[in-house]
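Everything below concerns the one structure shown next.
Please treat every number below as a calculation from the coordinates, not as lab data. Everything quoted here is computed from the prediction, not taken from an experiment. Please note: Cβ atoms are built from the backbone with ideal geometry, for glycine as well, and neighbour counts cover all protein chains shown.
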Amino acid sequence: MLATIVTTDREINQILELSANNSKEAITKHEKEREGFISWNYSLDLLRKMHQLNPSVIIKNGEQIAGYALVALKEAAQFHIDLHSMIAQLDQLHYNNKKLSDYRYYIMGQICIHKSQRGKGLFPLLYQKHRELFKNRFDFVITEISTSNQRALRAHKKIGFKTIHTYVDGIDEWKVVLWDWSNLI
């Protein structure tokens with residue numbers, strides 16, 4: 001299996017299906033604790049618009065998507081209301097004594113691996129492809145993870161993500177994590 005980028009509507013539809021099957025509303029409490037979960041739900045229209053700005057990274061097993069990692073550029077905030085709010089908050093945070101708004105970054109919109117493919121090294125493969133594609137355009141990738149999603153927090157830490165902020169909103173407690181590429185070879 002190789003990491004590549006989204007090129008077809010069929011792949012976008014598979015992302016939607018994989019996302020729906022792993023949303024926190026669709027799985028049991030036990031699955032959430034053991035497997036992790038997806039926090040945001042995307043519409044087909046929203047994903048198409050995001051992919052027009054920049055295709056996301058996927059891993060395919062034959063014709064079926066085994067995992068995805070959504071690219072959410074700051075420009076997507078024009079039509080992605082939740083992303084707009086997220087970026088407004090992020091840009092006020094500091095990292096290495098500079099405001100995040102002074103850096104070139106993009107958002108990991110969501111990452112998910114098909115249940116049958118977990119534990120096979122796809123998670124780091126998705127992020128390696130992100131780094132390969134974006135390290136010359138961006139200083140880092142950033143995302144927010146629910147503190148109740150311990151599997152996701154551990155997996156991101158293993159990749160090299162660092163927590164730079166924690167906050168609580170009306171939905172959950174969140175860790176803002178980033179993967180700084182400036183010190184990586």
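Whose amide H sits under 5 Å from the amide H of Q110, counting only residues 5 or more places off or on another chain, with H placed in the peptide plane?
So Q110 has HN proximity to L70.
Quick one: order D169, D82 by neighbouring beta-carbon count within 10 Å, fewest to most.
Starting with the residue having the fewest Cβ neighbours, the order is D169, D82.
Report the relative contact order of segment 26-99, percent, no decimals, based on alpha-carbon pairs under 8 angstrom and at least 6 residues apart. Write out the running numbers ahead of the final one.
Values: 48 pairs, mean separation 13.6, N = 74.
In percent, rounded to a whole number, it is 18.
Please report the orientation-averaged projected area of segment 15-100, defined via the convex hull of its C-alpha atoms, in nm². Working shown, then result.
Working: hull surface 29.9 nm².
In nm², the orientation-averaged hull projection of segment 15-100 is 7.5.
Would you please classify the overall shape of segment 28-185 from the alpha carbon gyration tensor, given that a ≥ b ≥ c denote the square roots of the eigenvalues, rounded means a/c under 1.5, and beyond that prolate means a/b larger than b/c while oblate covers the rest? Walk me through the intermediate numbers first.
Numbers: a/c = 1.29, a/b = 1.20, b/c = 1.08.
The shape class here is rounded.
Give me H51, H94 sorted ascending by neighbouring Cβ count inside 10 Å, so fewest comes first. Before the final figure, lay out each step's value.
Values: H51 21, H94 12.
So the residues, fewest neighbours to most, are H94, H51.
What's the longest piece of the chain with no exposed GluC sites (Glu not before Pro), counting a site as exposed if DSSP puts it in a loop and it has at most 11 other beta carbons within 10 Å? Numbers along the way, then the final one.
Values: sites that count: E25, E63.
That gives 64-185 as the longest site-free run.
Compute the relative contact order of segment 3-180 as a whole-number percentage, counting only Cα pairs closer than 8 Å that sit 6 or more residues apart in sequence.
20
Could you list, in their original order, any pairs among K29/K135; K98/K129; K60/K158; K49/K99 whose Cα atoms are separated by more than 30 Å? Could you put the intermediate results ahead of the total?
Values: K29/K135 37 Å; K98/K129 27 Å; K60/K158 23 Å; K49/K99 28 Å.
From K29/K135; K98/K129; K60/K158; K49/K99, over 30 Å: K29/K135.
Taking neighbour Cβ counts within 10 Å as the exposure measure, how do I142, I171 sort from fewest upward?
Working: I142 26, I171 8.
Ascending Cβ contact count within 10 Å gives the list I171, I142.
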